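Student: Okay, here's the structure, questions in a sec.
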Amino acid sequence: MADYDAIVIGAGLGGLSAGALLSKGGRKTLVVDQSPRIGGYCSTLESDGFRFDAGASIIMIPEIIDLCFQRLGTSLENEVELIPLDPIYTIALKDGTKIRYPVSKDEYAEEIKKIAPGDVEGWYRYAEYMEGFLSTALKGFFLSPANTYSDMARMLIKTPSLLGYIPLFVKSYQQVMSSYFKDPRIQESLSFQASFMGLPPELCPGHMTMLPWAEHKGFYYSKGGMIALPEALARIGKGFGMEVRTDTLVKKVIVKDKRAVGVVLGDGAEITTDLVISNINAKALYLDLIGEEHLGFMARTGIKSMEPSVAAPLLLLGVDYEPPLDSHHTLCTLPVEELNSNYWNVIKKNELPKEQFGLISWTTFSDRGLAPKGNHILVMTLTGPNRLRDRSWRDVKQSLIDEYIDYMSERYVPELKNHVKVAKMITPEDYEKDLLAPEGSIYMFQQDVSNTTVYRPASKSKGIKGLYLVGASTHPGGGLPSVIASGMIAEDLIGKYEG
């Protein structure tokens, strides 16, 4: 008899959701993670009394997340205190224009009217179309497996209305947005979300244009920091008997007769299991933990060809004043063509942008308990390459901290440089070391059309029995709701194929 019914490698949201669901279903489940804390890219770290988010900063499309909690016999609302964010952002355009981005569709129409009245009609057309697409995607796309073309056919049979949105899957983000909005400032204000997927607007798949609309369906922060979400899944799972071990490295997946039968830990201990569920990067799983000798030619070639997604360096600041900002989130953008150029001519050439842009999260705007009294937290999600040309992130970390503080102080947050008490930076190299994410890729692999659905590593391994994948490596991709959905997909597949 095996030591466990299921071993989950990685305590990110995909691993914790799968582990909790399997435990509720009666399987003896162990979740292991090499990090000292759970959550993966959705976690929180403490320093000098400040609680900094160490990755994700937003909870959106809560309907998907709530479905997982419902399967666990509870609800997201019961387990995590969600703080609604309205406005969603204050958008700071490159030309200095600031746009308030409220949750209300009609209120945002008024904001558009102030800048580009001719785009108000396009906004309402966009909202209507994306409302239909999001509703359809929630029914058929997020929770359906996409391992094979047969799965894709079943997805369409189950939700035939998806056929009406095929144009979104053959156009780019930029093409879709430009069909609704003509003013370049409005295009700029609604195109940075492509960067959330790690791609420029001209390369990002068109179906991702639903992201700005999804933000209007509910945009939240979790009280206590983003760690509250993985902590809730871990707490519920433990209530069903799930075991969680942190500071526990898995260095090998044991494969016998083309079946995953156990793992070898960093200290050499072997643990046997009936099922292995991997929440780590699929390339690291197949090439490092399993080994090429267990892969067929197509699998070996395919996994080696997967390109990493972009990285997202984080600047974590504890400050002793109230920042002169307008909302929890400030989105610092660039015009669409500059986003495209930055990707091809800077990021892909392993250079750092001369003009930084990204998301400023003023977390203590919504939760004062995250910082010592009278202090505040700013977490800045920036842009940068996975690797730097001719130098390492480690070599330039301190100089970049100083440079970015000066830049943000001058451009977006006046007086910032005079009030910093704590300054830390999480680089792609740190993510690679701490989360075993090759090159610090936040979504594991690129999320363009050639790396979605059937073109992503399968949720149920095609070559190794008893092996399942969750997390950003597999369908439906990166992002909090998507990785939690992957845990539900894995549970469904295991129930179907493993009994």
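Derivation of every value follows stated rules applied to the coordinates shown; laboratory data play no part. Remember, it's a predicted structure, so these values are computed and weren't measured experimentally. Reconstructed Cβ throughout: ideal geometry from the backbone, glycine too, with neighbour counts over all protein chains shown.
Student: What is the Rg over Rh value, at two decimals, for the chain, using alpha-carbon atoms and the Kirkwood definition of Rh? Please list the in-between numbers first.
Tutor: Values: Rg = 21.9 Å, Rh = 23.0 Å.
Rg/Rh for the chain comes to 0.95.
Student: Over the C-alpha atoms of region 88-134, what are the Rg and the largest Cα-to-Cα span, Dmax, in Å?
Tutor: When restricted to Cα atoms, region 88-134 yields Rg and Dmax of 11.4, 34 Å.
Student: Find which of 381, 435, 187 sits farthest along the positive direction of the dipole of the chain, computed with +1 on the beta-carbon of Lys and Arg, -1 on that of Asp and Glu, about the Cα centre.
Tutor: 435
Student: Further, regarding this structure: If you look at just the Cα atoms of region 12-87, how large are its Rg and its Dmax in Å?
Tutor: Calculated on Cα positions, Rg and Dmax stand at 14.3, 44 Å.
Student: What number, in percent, do you get for the relative contact order of region 310-436 if the mean sequence gap of Cα pairs under 8 Å and at least 6 apart is divided by its residue count? Mind dumping the intermediate values first?
Tutor: Values: 206 pairs, mean separation 50.8, N = 127.
That works out to 40 percent.
Student: Take the cross-link list 304/433; 113/217; 158/465; 158/182; 223/424 and give me the ones stretching past 31 Å between alpha-carbons. Present the calculation step by step, with values, prior to reporting the outcome.
Tutor: Numbers: 304/433 20 Å; 113/217 21 Å; 158/465 27 Å; 158/182 36 Å; 223/424 22 Å.
Distance filter (> 31 Å) returns 158/182.
Student: Over the chain, calculate the relative contact order: mean separation of alpha carbon pairs under 8 Å at least 6 apart, over the residue count, as a percent.
Tutor: Values: 1073 pairs, mean separation 119.2, N = 499.
Averaging sequence separation for qualifying contacts and normalising by length gives 24 percent for the chain.
Student: Just to be sure I understand: of the beta bridges DSSP finds with both ends in the chain, what percent are antiparallel, rounded to 5?
Tutor: Working: 45 of 65 bridges.
Just about 70 percent of them are antiparallel.
Student: Okay, next question. Using the Cα atoms of region 312-426, I'd like the radius of gyration and the largest Cα-Cα distance, Dmax, both in angstrom.
Tutor: Over region 312-426's Cα set, Rg and Dmax evaluate to 14.6, 44 Å.
Student: Hey, another quick one. Test of understanding: ordering 13, 493 by Cβ neighbours within 10 Å, fewest first, what list do you get? Don't skip to the answer; put the middle values down first.
Tutor: Values: 13 33, 493 17.
Starting with the residue having the fewest Cβ neighbours, the order is 493, 13.
Student: Still on this structure, I have one more. Quick one: what do you get for region 127-279 if you divide its Cα Rg by 2.2 N^0.38 Å? Walk me through the numbers on the way to the answer.
Tutor: On the way: Rg = 21.1 Å, N = 153, 2.2 N^0.38 = 14.9 Å.
It is 1.42.
Student: Something else: For the chain, what is the mean residue ellipticity at 222 nm derived from helices alone (per DSSP H run of n ≥ 4: -39500 (n - 2.57); sum divided by total residues; nearest 500 deg cm²/dmol)?
Tutor: Details: 17 runs with 172 residues, N = 499.
Helix-only estimate at 222 nm: -10000 deg cm²/dmol.
Student: Follow-up. Sorted from fewest to most neighbouring beta carbons within 10 Å, what does the list 484, 166, 254 look like? If you can, show how the numbers build up before the last one.
Tutor: Working: 484 30, 166 12, 254 17.
Taking fewest neighbouring Cβ atoms as first place, the list is 166, 254, 484.
Student: Further question: Provide the descending list of Cα extents for region 152-215 along its principal axes, expressed in whole angstroms.
Tutor: Rounded to whole Å, the extents work out to 40, 23, 21 Å.
Student: Related question: Rounded, prolate or oblate: which fits region 108-205, taking a ≥ b ≥ c as square roots of the Cα gyration tensor eigenvalues, rounded meaning a/c under 1.5, else prolate when a/b beats b/c? Mind dumping the intermediate values first?
Tutor: Values: a/c = 2.84, a/b = 1.90, b/c = 1.49.
Prolate, because a/c is 1.5 or more and a/b exceeds b/c.
Student: Full-extension gain between residue 396 and residue 103, please, as 0.36 nm times their residue separation minus the C-alpha to C-alpha distance.
Tutor: Values: separation 293, 0.36 × 293 = 105.48 nm, distance 3.88 nm.
Result: 101.6 nm gained on full extension.
Student: Next question. Extension gain residue 421-residue 152, at 0.36 nm per residue separation less the Cα-Cα distance, in nm?
Tutor: Values: separation 269, 0.36 × 269 = 96.84 nm, distance 5.19 nm.
Length gained, residue 421 through residue 152: 91.7 nm.
Student: In whole Å, what are the Cα extents of region 255-298 along the three principal axes, biggest one first?
Tutor: 31, 22, 17
Student: Moving on. So which GluC sites (Glu not before Pro) in region 406-499 end up in coil per DSSP with only 16 or fewer other C-beta atoms within 10 Å? Don't skip to the end; give the middle numbers.
Tutor: Numbers: sites: 410, 415, 429, 432, 439, 491, 498; in loops: 415, 498.
Within region 406-499, the qualifying GluC sites (Glu not before Pro) (loop, at most 16 other Cβ atoms within 10 Å) are 415, 498.
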